[in-house]
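Presented below is the structure to which this report refers.
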Amino acid sequence: MSDGSRRPPKRRSRVPSGRVERLARFGWMAGELAAGSLAEGARRALRGGAGEAASAILSGGNAQKLARRLASMRGAAMKLGQLLSLETDDILPPEFVEALAVLRDAADTMPETQVRRALGRAYGKGWEERFQRFDMDPIASASIGQVHEAVVVDGRELALKIQYPGVARSIDSDVNNVATLLRLSRLLPGELDLSGILNEAKRQLRQEADYLTEAENLGRYRELVADEPRLAVPRVHADFTTKRVLAMDRMRGLPIEDLAAQGTDQARRDAAGRMLEHLVLRELFEFQFMQTDPNFANYLVDPADDRILLLDFGSTREFEPAFTARYADLCRAVIDADRPAVQRAAAAIGYIGSDETDHRAEGLVDLILLVCEPFRKRGLYDFADSNLAGRARDIGLDLMFRRGFLHPPPPETVFLHRKLVGSFLLCARIRARVDMRALLEPFLDDVRA
């Protein structure tokens, strides 16, 4: 979550905390989308025929309605909008992406009464006496909680992340309802088996809703990157941390997207992109422990020295050594453009099932080689100038709809993909150029050894 000091005030709304109330909100949302798509479809059909009508669900008007409802729902429901907002206009209509972009750091905020109740449950009666100052206006708000600035009686400046009420107990139903919305909107094929992926999403979100686990993740990650002066991770303050309130150092910086501003030196952009991508590779191959939420709002830049400040560690993933070794095999095969080796490595990871036809397996190899384009290129890869997302979309749609490939990715790769894609899009957003192959090759040598 970002500093928020330069952002406009956010709308306050009570978080729907009961399961029945949240289910009713989903029904309302589905009805709005259906009504909006029918109206938009009719307009498009009059102008352009059935093909235009079929995409009406992705209209800007529907996206704005969806963004408003998800911002008020918060919790696992809002994750849908955050994930969709990471896409580019090569994949979704630009007005859809633009409307959902506000969800990356723009959940509605809780009214003061809910904040006070949450702190009372966490700290007990008279909690106010523990603070010199507590700012009731949050500095950031996201899907699981919102962050408040506070100064405790001993002078420590803290950022307190307070979880929205009801979020933890509504995860399973929210994820199931999000999946239903995706199917109704035809963003996912109805026949695709998502059970493994949905279970993984629920597992990850349960972890994210446990702030004691996130506190452990923060401490662990802070130690892992202690040798990197260009990165900073906040300290946890255990005496103010509970299962539903996380107390951290108050860190100040500018949104990392500010590096995209005109006049920013290209070397600064490249250095930030190189640092972010190097960190991803360390997470996968060295730490075997990854922060898997690449939401742009989770990265700040310290304007004094260009350090990147890493803020959110609720969503993390452990990787077994055998898993990272198989990924290293895949990467080596990709760099060598060895199609049979790519297919063998993809099958070992679980991307290709034993019952797949040669035709579909070949299509998946094509897709893997394409999406790994940044690692195959020698020299700087210009993320901003790349149309990789659109080309990958075209091959993916061909694979799914023409060749009938409906084998979902292995559940353990879902959040890895989220980090890899999000990091690519962040580098594109800040217009970075990075020699990805030069970053990757030393890690492959280490894994081989």
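The values are calculated or read from the model by the stated rules, or taken from the named source; none is laboratory data. Predicted model, so just to flag it, every value in this text is computed and none were measured. Counting neighbours? That spans all protein chains shown, and the Cβs are built from the backbone with ideal geometry, glycine included.
For Gln204, the criteria (1) in contact with a Ser or Thr (Cβ under 9 Å, 6 or more places away or on another chain); (2) free of Cβ contacts under 8 Å to residues at least 12 places away in the same chain hold in every case but one, which is (2). Being closer than 30 Å to Ile144 by Cα and more than 22 Å from the chain's Cα centre (by Cα) is true for just one of Asp306, Asp329. Which residue is that? Only one candidate passes the filter, namely Asp306.
Which of the residues belonging to the range 229-243 are over 21 Å from the mean Cα position of the chain (by Cα) and in contact (Cβ under 8 Å) with a residue 24 or more places away in the chain? The answer is Pro229, Arg230, His237, Phe240, Thr241, Thr242, Lys243. For the range 121-136, name all the residues that are within 31 Å of the chain's Cα centre (by Cα) and free of Cβ contacts under 8 Å to residues at least 40 places away in the same chain. If the condition is that a residue be within 31 Å of the chain's Cα centre (by Cα) and free of Cβ contacts under 8 Å to residues at least 40 places away in the same chain, then Phe134, Asp135, Met136 are the ones that fit.
Which residue is surrounded by the most Cβ atoms within 10 Å (Cβ to Cβ), if the candidates are limited to the range 239-269 and must be part of a helix (DSSP H, G or I) and in contact with a strand residue (DSSP E or B) (Cβ under 8 Å, 6 or more places away or on another chain)?
Within the range 239-269, the subset part of a helix (DSSP H, G or I) is 239-240, 256-260, 266-269.
Right, trim to in contact with a strand residue (DSSP E or B) (Cβ under 8 Å, 6 or more places away or on another chain) and you get 239-240, 256, 258-259, 266, 269.
Details: Asp239: 10, Phe240: 20, Ile256: 21, Asp258: 14, Leu259: 24, Gln266: 11, Arg269: 21.
Ranking the qualifying residues of the range 239-269, first place goes to Leu259.
Identify the residue in the range 423-448 that is in contact with an Asp or Glu (Cβ under 8 Å, 6 or more places away or on another chain) and among the small types (Gly, Ala, Ser) and, among all such residues, is surrounded by the fewest Cβ atoms within 10 Å (Cβ to Cβ). Result: Ser423.
Looking only at residues of the range 332-345 that are farther than 11 Å from Cys372 by Cβ and of a type in the set (Gly, Ala, Ser), we find that the one that is surrounded by the most Cβ atoms within 10 Å (Cβ to Cβ) is Ala345.
Of the strands (runs of 3 or more DSSP E) lying entirely inside the range 107-196, those carrying at least 1 residues that are within 22 Å of Glu214 (Cα to Cα) and at pLDDT 90 or above are 145-152, 157-163.
Within the bounds of the range 377-394, is there any residue that is at pLDDT 95 or above and crowded, with 19+ Cβ neighbours inside 10 Å? Yes; the residues of the range 377-394 include at least one that is at pLDDT 95 or above and crowded, with 19+ Cβ neighbours inside 10 Å.
I'd like to check something: does the range 434-444 contain any residue that is free of Cβ contacts under 8 Å to residues at least 24 places away in the same chain and either outside any helix (DSSP H, G or I) or within 18 Å of the chain's Cα centre (by Cα) (or both)?
Checked against the condition, which is being free of Cβ contacts under 8 Å to residues at least 24 places away in the same chain and either outside any helix (DSSP H, G or I) or within 18 Å of the chain's Cα centre (by Cα) (or both), the range 434-444 yields no hits at all.
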